[in-house]
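Here the structure comes first, spelled out in structure tokens, and everything after it is commentary.
Read the figures in this text as sums done on the coordinates, not as results from a lab. From a predicted model like this one, the values you see are computed outputs, not experimental measurements. FYI the Cβ positions are ideal-geometry reconstructions off the backbone, even for glycines, and counts take in every protein chain you see.
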């Protein structure tokens, strides 16, 4: 991913000792996020960490065209120059996968309608959730927003990313709403952007190859058996990879990118 057009901002979970990662800041164009957050799976703190990263990136004063949100278990499927050219060709578009909870993903409406305390840790948390949801009426999004959701990963202009950040952080109704939902990281950005003036700029694709064939709440850990699919996909990144589960596929991907044998469809 090293490229003169790319900078890398790395957020290390606040609960993790940052010392083993300090060496990364000595690499070219690599910066460690200073205002770290204690990330909690499916909790509001996940998007709070994202918001902190967005604000820190935007505060540098550099005129970035895109912020590409990646996790530590993502890996490029195309060369850095190919990815750079993709962004250059598609300037003005916002890349974000989404489905309508109402029309395409009704099972996800539970996230929208119920209170969740997943962001907190206290005894009898789940019991209290059940009690609260049995007593209080179903929740609804502020401002009659239509709910959209999908993967938490996106490629957005700083303008759009900061719009979502400021919209939620500066609006008490939205802030409170998302704080008490389950998996807000998978529908906060989609919902806010698709109910905004930026809607027509959004392309319904985040260019991630993800295998959900196994069902459940986590995608398949990709391995050497996925080589052909990873070779042929037009996606720019794949997830999830785990170095301890199968490091061979990462070496294969490095060789594919180095040899230039990936799909190079200029229309993606």
Residue 203 label point, 7 Å along Cα→Cβ, cut-off 16 Å on backbone N: hits in the stretch 37-75?
65-69
Largest-first ellipsoid semi-axes for the stretch 112-246, taking √(5λ) over the Cα gyration tensor eigenvalues, angstrom:
31, 23, 12
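What does the helix-only formula give at 222 nm for the chain: each DSSP H stretch with n ≥ 4 adding -39500 (n - 2.57), the total divided by the residues, and the result rounded to the nearest 500 deg cm²/dmol?
Rounded to the nearest 500, the figure is -9500 deg cm²/dmol.
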With a 10 Å cut-off between alpha carbons and a GNM built on the chain, which of 205, 119, 90 moves the most?
90
Relative to the first principal axis of the alpha-carbon coordinates of the chain, what is the inclination of helix 44-58, with its axis defined by its Cα atoms, in degrees from 0 to 90 and to the nearest 10?
50 degrees
Please report, in whole Å, how far the alpha carbons of the stretch 34-259 spread along each principal axis, starting with the longest.
60, 39, 38
For residue 135 and residue 176, FRET efficiency with R0 = 22 Å and r from the beta-carbon atoms, rounded to 0.05?
0.75
Enter the angle in degrees (range 0 to 90, nearest 10) between the Cα long axis of helix 248-259 and the first principal axis of the Cα atoms of the chain, meaning the one along which they spread out most.
50 degrees
Among 118, 30, 131, which one shows the biggest mean-square fluctuation in a GNM of the chain, springs joining Cα atoms closer than 10 Å?
131
For the chain, with a Gaussian network of springs between Cα atoms less than 10 Å apart, report the residue from 74, 13, 85 with the top mean-square fluctuation.
85
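With a 10 Å radius around each residue's Cβ, average the other Cβ atoms per peptide and rank 174-180, 41-47, highest first.
Answer by packing, highest mean first, reads 41-47, 174-180.
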With equal scatterers on the alpha carbons only and no solvent term, can you work out the Debye log10 of I(q)/I(0) for the stretch 57-128 at 0.11 1/Å?
-0.59
Treating the angle as unsigned and between 0 and 90°, give the value, to the nearest 10°, between the Cα long axis of helix 80-89 and the longest Cα principal axis of the chain.
60 degrees
Could you put 50, 60 in order, starting from the residue whose Cβ has the fewest other Cβ atoms within 10 Å?
60, 50
I'd like to compare 219-226, 150-157: which one has the highest average count of other Cβ atoms within 10 Å, and what's the full order after that?
150-157, 219-226
